[in-house]
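Single-structure report; data block below.
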């Protein structure tokens, strides 16, 4: 907040209005860096929320599935890690990890 503003003006504005005021008061030569900071912040918050939602969905799917499905998942995960452990080169393991991480909507 701007310390030059009266308290009544600060308390009657919304955080968005305060942010816009701060941006307006930022010297022009610093605006590109400020824009980059704001974009990175937004992306970080968005990704964090998406990750939390995906994690929660996965936990719900696991906890709400029947015993047969849960056992199948455990078996599949065990097979994946066993085959991954048998790979000789770290590069091959990294490629497989990237493939696993890129899969969306796939349940193990």
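Go through the range 62-80 and give me each residue that's surrounded by 10 or more Cβ atoms within 10 Å (Cβ to Cβ) and at pLDDT 75 or above. Matches in the range 62-80: 69, 70, 71, 72, 73, 74, 75, 76, 77, 78, 79, 80. When we screen 92, 56, 22, 61 for residues that are touching a residue at least 40 places away in the same chain (Cβ under 8 Å) and part of a helix (DSSP H, G or I), the only hit is 61. Pairs meeting the criteria (first residue in the range 34-46 and within 19 Å of residue 24 (Cβ to Cβ), second residue surrounded by 10 or more Cβ atoms within 10 Å (Cβ to Cβ), beta carbons under 6 Å, at least 6 apart or on different chains) are 34/26.
The values are calculated or read from the model by the stated rules, or taken from the named source; none is laboratory data. The structure presented is a predicted model; accordingly, all values stated were derived computationally and were not measured. Quick reminder, even Gly has a Cβ in these numbers, built from the backbone with ideal geometry, and neighbours come from all protein chains shown.
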